[in-house]
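Chemist: Input: one structure, supplied below.
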Amino acid sequence: MAAGANVATEVRPMTRAERATRAALIAVSVGFLGLLLLAPLGAVLVQALAKGLGEWLASLRDPDTISSIKLTLLTAAIVVPVNTVFGICAAWAIARFEFRGKSLLVTLIDLPFAVSPVIAGLVLVFLFGTQGWFGEWLLERNVQVIFAVPGIVLATIFISFPYVARELIPLMQQQGSDEEVAALSLGARPWTTFVRITLPKIRWGLLYGVILCNARVMGEFGAVSVVSGHIRGVTNTMPLQVEILYNEYNFVAAFAVASLLAMLAILTLVAKTLVEWRSGTGGH
Amino acid sequence: MAGGRIVVPSPLPGFGLTFGFTTFFLSAIILLPLGAMVIRALGIPPSELLAMLLDERAVASYRLSFGAAALAAAINAVFGFIVAWSLVRYDFPGRRLLDTMIDLPFALPTAVSGIALATVFSPTGWLGLKLAQAGIQVAYTWLGVVVALVLIGLPFVVRSVQPALIEVRKDLEDAAESLGAGGFNVFRRIILPTILPALATGFTLAFARGIGEYGSVVFISGNLPLKTEITPLLIVIKLEQYDYAGAAALGFFMLVMSFVMLLAINLVQQWGQRRMGIGVAR
């Protein structure tokens, strides 16, 4: 990682005061991160296993929990590919062409990062709820969006919208398009050029964006909470199932589901680090 | 820039297709729904809208959401800087692991960090018990909101400051030291001015995220009206009570604040670029 670059430049031996400062600052950092990050993570695992491995497994075998896992996987299976295709398209248009209003477009793509997740759910109610613009039309056709899976998918697309695009735009801008232009001038078809030249060049950045997008999609709570209606076994994703179990004081079960999500988070960090290492960048 | 034309000609194909799809998808998924809420909010007579926004419970929620987000971002500015400094300047066992862990709040679902913090800081929890003995209650008070927002905002500050710290010119520091400047003076005169824009960016990003945060806060805050109720929660409550107008009004206000924050982030970054361009010769 690039963060190590400055460490080796230390030539002059440290004075006693510098050594003391160093020790103090490292101690503060480790203490702060330990309290803030490790204690909660540890709490999840300890609580999940408070009554043993058998109880943990039994909690995860609950039919409502299983259906919440299925719904989370289904949502991710729809949302991640959709936002990946969007991200590639947006990055191609923005990084490869100069046009008016580009910075406005970039700002609008970033908008979901600045908006509260609760708003992402709320706005869908004004479109598809019974009082919303399309509410009556949907009712006549017996299609339910709010308090149903389509609403969950739409809210999740909203909040995870920028992830892939944001990774790809700076990467593609930095790489330039000389190789694509060369391939095209030699007679390669546009699609072939994209698959054979562009895609291999951006694969690590793309993977990085997809990993982050997936973590957000599977873990989203606020936006989904507003549109889900919390119908057990039907419209509960894993984070919502965690909330329901927790509010029922069913702590072992709540933390059992939470422990799966925590493992997903750790896997995400590992995958992210591997991708940074493979692509030779320091990440952010 | 594009000069006089709308699109600069390029030998590359696919502009129409990708630009068209991007704008269509953006409009359908983001702009149309946001527009529906804004139109609903602006359909409320102005005096009623104002009364809803200045309602006692709403104002108390702004105070908590904005106050806790600002305090949490300030705490992160201090500790996030120390963490970034330790990670960039020192080598110690576990440094790489710690560096990876910084992104945990990005990867961990907010509901999970929410119930975990509530458990750790509850009066019977590991930390809550110790704090309770010292007479401090964190869970179910405004302090709990601050703790949750510190967790959520940490990576924004550390990841903003780290690259800036790598850029600080060691030769300037050494020169200052050789001329007799003490450690604090070097920090104040050389290091702080170089990283200030990055620190300001990290603060603003953490603050902006904190204002809208929901999942990690609602479990630890206790959600008492007028006391520990954040604005996003108040929106959810209005919606559950079928008070669509009230939810639209508060949602509209939060959206306006999001735009203000986006503008602030842009201004801070522009200020930083100007400052780095003029201030330090590269």
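The values are calculated or read from the model by the stated rules, or taken from the named source; none is laboratory data. Just so it is clear, the model here is predicted, and its values are computed rather than measured. All Cβ positions, glycine included, derive from the backbone under ideal geometry; neighbour counts span all protein chains shown.
Chemist: Evaluate the following for A:Val44: is it at the interface with chain B (Cβ under 9 Å from one of its Cβ atoms), of a type outside the set (S, T, N, Q) and under 17 Å from A:Met238 (Cα atoms)?
Modeler: yes
Chemist: Would you call A:Ile152 more than 11 Å from chain B (Cβ to nearest Cβ), touching a residue at least 40 places away in the same chain (Cβ under 8 Å), touching a helix residue (DSSP H, G or I) at 6+ places or on another chain (Cβ under 7 Å) and surrounded by 19 or more Cβ atoms within 10 Å (Cβ to Cβ)?
Modeler: Yes: the conditions hold for A:Ile152.
Chemist: Can you confirm whether the range A:179-186 contains a residue that is in contact with an Asp or Glu (Cβ under 7 Å, 6 or more places away or on another chain), modelled with pLDDT under 95 and surrounded by fewer than 16 Cβ atoms within 10 Å (Cβ to Cβ)?
Modeler: The answer is no, given that none of the residues of the range A:179-186 is in contact with an Asp or Glu (Cβ under 7 Å, 6 or more places away or on another chain), modelled with pLDDT under 95 and surrounded by fewer than 16 Cβ atoms within 10 Å (Cβ to Cβ).
Chemist: Right, B:Ala41: crowded, with 17+ Cβ neighbours inside 10 Å and either hydroxyl-bearing (Ser, Thr, Tyr) or closer than 19 Å to B:Val256 by Cα (or both) or not?
Modeler: So B:Ala41 passes the test.
Chemist: With the requirement that a residue be facing chain B (nearest Cβ under 8 Å) and among the β-branched types (Val, Ile, Thr), what does the range A:95-132 give you?
Modeler: A:Thr107, A:Ile109, A:Val115, A:Val118, A:Ile119, A:Val123, A:Val125
Chemist: Of the conditions (1) within 9 Å of chain B (Cβ to nearest Cβ); (2) in a loop (DSSP other than H, G, I, E, B); (3) hydrophobic (A, V, I, L, M, F, W, C), A:Ile146 satisfies every one except a single condition; which number is it?
Modeler: Just one mismatch for A:Ile146, condition (1).
Chemist: Determine whether B:Ile82 is of a type in the set (Val, Ile, Thr) and either within 7 Å of chain A (Cβ to nearest Cβ) or farther than 26 Å from B:Thr231 by Cβ (or both).
Modeler: Yes, satisfied.
Chemist: Also, quick follow-up: In the range B:212-249, what residues are among the acidic types (Asp, Glu) and surrounded by fewer than 24 Cβ atoms within 10 Å (Cβ to Cβ)?
Modeler: Correct list: B:Glu229, B:Glu240, B:Asp243.
Chemist: What number of residues in the range B:65-79 are at the interface with chain A (Cβ under 9 Å from one of its Cβ atoms) and in contact with a Leu (Cβ under 7 Å, 6 or more places away or on another chain)?
Modeler: 0
Chemist: Does A:Asp178 satisfy the condition of being within 11 Å of chain B (Cβ to nearest Cβ), free of Cβ contacts under 8 Å to residues at least 12 places away in the same chain and acidic (Asp, Glu)?
Modeler: Yes, satisfied.
Chemist: Within the range A:254-266, is there a residue that is over 21 Å from A:Ala76 (Cβ atoms), more than 12 Å from chain B (Cβ to nearest Cβ) and either assigned to a helix (DSSP H, G or I) or touching a helix residue (DSSP H, G or I) at 6+ places or on another chain (Cβ under 8 Å) (or both)?
Modeler: Within the range A:254-266 (the criterion being over 21 Å from A:Ala76 (Cβ atoms), more than 12 Å from chain B (Cβ to nearest Cβ) and either assigned to a helix (DSSP H, G or I) or touching a helix residue (DSSP H, G or I) at 6+ places or on another chain (Cβ under 8 Å) (or both)), the answer is no, since none of the residues qualifies.
Chemist: Being closer than 14 Å to A:Ala27 by Cβ and either in contact with a strand residue (DSSP E or B) (Cβ under 9 Å, 6 or more places away or on another chain) or not polar (S, T, N, Q) (or both) is true for just one of B:Gly94, B:Gly114, B:Gly80. Which residue is that?
Modeler: On inspection, the qualifying residue turns out to be B:Gly94.
Chemist: Are there helices (runs of 4 or more DSSP H) fully within the range B:169-232 with at least 3 residues that are within 10 Å of chain A (Cβ to nearest Cβ) and more than 29 Å from the chain's Cα centre (by Cα)? List them.
Modeler: Fully inside the range B:169-232 and qualifying: B:170-178.
Chemist: Which of the residues that make up the range B:233-252 are within 19 Å of A:Ala114 (Cβ to Cβ) and more than 10 Å from chain A (Cβ to nearest Cβ)?
Modeler: Those that are within 19 Å of A:Ala114 (Cβ to Cβ) and more than 10 Å from chain A (Cβ to nearest Cβ): none in the range B:233-252.
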